[in-house]
Amino acid sequence: MMRINRPINALVVVTLSLAACGTGDTLAPPDGVNDNDPLIQISSEGGFVPVEYHLSRGPTFTVTQGGRFIYPSATTLEFPGKLVQPFFEAQLDDAQMAKIRDILEEMGIAEFVDGSDNSVTNVADASTEVIKYWDETGAHRYSVYALGITDQSTEPATIAFAELFDYLHELAGSTNGTAYEADEIRIVARVYRGGFDPQFEDRRDWPLTGENPDDWDVFTTIGEETWTCKVFEASLLQTFADAKQTTVWAHPTESADAENFQLLVRTLHPGEDGCDL
């Protein structure tokens, strides 16, 4: 069933639609925003994967108002994989940005506050792809369950979203980017109670002097398990350069015993709100 929340005032809709088209110069951001402010961001939610999968991964794609394109690096078959997922970034040209803006206009993304398309009913345990679009009025959101898995949806916004999704994948595969340099990283922690294959488990000393995850903000609670979160400067990233997804960190306690934690570390993209879900 398609659910769309649209602004009531028709003049607002017209204004938002014009903003999605740009201002003539395709790389010029709308009034009141900067080149490094986000234009769009696409992320995956849900699906039949462990909770750690989404908590440790960043957005699939981010494009800023000035044309910075941030995308994940190629995935290797290494196991256990690296703790921190690497991203690349590249500068898109006028033609590429114009095409992105044209598809956004076709999609009508600026008309949505929080729209969704859940019309696919014959696919189980798929993820939901979410696009956020920013203009001078704020963020607009549209989500599609099982995007691209079937052609079941006939919604124009979903068809345009699938076109944009494919185009960004094409750009990621053909663009020579450089390592993405973030300003901040997010660390999510939980008490480790086992679960890794012993032959892959990697125990290390606590890497964050003076930091206790018990004092961080509660990020999410799943059953009886609580994940806490804190944002740090990206200069700390080097601390985790050779850590693995199966690394366990021993936090010292007052009794000299150690409480073990699993840490999920990732870079933050423009437009993300740190420890907000």
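Round to the nearest 10 and give me the degree value, 0 to 90, for the angle of helix 156-174's Cα axis relative to the longest principal axis of the chain. So the inclination is approximately 60 degrees. Just how far, in whole angstrom, is the range 148-176 from the range 96-119 if you go by their alpha carbon centroids? Using only Cα atoms, the two centres lie 11 Å from each other.
Once both labels are positioned 7 Å from their Cα atoms along Cα-to-Cβ, the gap between Ala74 and Asn36 label points is 3.0 nm. Taking the C-alpha atoms only, the angle from helix 94-107 to the longest principal axis of the chain is near 80 degrees.
Counting only C-alpha contacts under 8 Å and six or more residues apart, can you give the relative contact order of the range 34-150 as a whole percent?
Numbers: 189 pairs, mean separation 33.5, N = 117.
Reported as a whole number, the value is 29 percent.
Taking the range 156-200 and a reference point 7 angstrom along Cα→Cβ of Glu224, the backbone N atoms nearer than 13 Å belong to 193. Residue ranges 119-126, 193-200, 242-249 sort as 242-249, 119-126, 193-200 when ordered by packing (mean number of other C-beta atoms within 10 Å per residue, highest first). With R₀ fixed at 45 Å, the C-beta to C-beta distance from Arg141 to Gln199 puts the FRET efficiency at about 0.60. Based on the convex hull around the alpha carbon atoms, the chain presents an average projected area of 16.7 nm².
Students often check this: by mean Cβ neighbours within 10 Å, which of 34-40, 93-99, 184-190 ranks highest, and how do the rest follow?
Values: 34-40: 17.6, 93-99: 15.0, 184-190: 21.1.
Descending packing order for the listed peptides: 184-190, 34-40, 93-99.
Here the chain is treated with +1 on each Lys and Arg Cβ and -1 on each Asp and Glu Cβ, and its dipole about the Cα centre works out to around 340 debye. Its alpha carbons give the range 34-103 an Rg and a Dmax of 14.4, 41 Å. Between the amide H of Glu259 and those of His251, Thr253, distances stay under 5 Å, these residues lying 5 or more places away or on another chain, with hydrogens modeled in the peptide plane. On the principal axes of its alpha-carbon atoms, the range 181-261 has extents of 33, 27, 27 Å, going from largest to smallest. Summary value for the chain: 22 percent relative contact order, contacts being C-alpha pairs under 8 angstrom separated by 6+ residues. Against the longest principal axis of the chain, how steep is helix 10-20, in degrees 0 to 90 to the nearest 10, with axes from Cα atoms? With rounding to tens, the tilt is 70 degrees.
Bear in mind these aren't lab numbers, they're just calculated from the coordinates by the rules spelled out. In this text, all values refer to a predicted model and were calculated from it rather than measured experimentally. Positions of Cβ are backbone-derived with ideal geometry, glycine not excepted, and every protein chain shown enters the neighbour counts.
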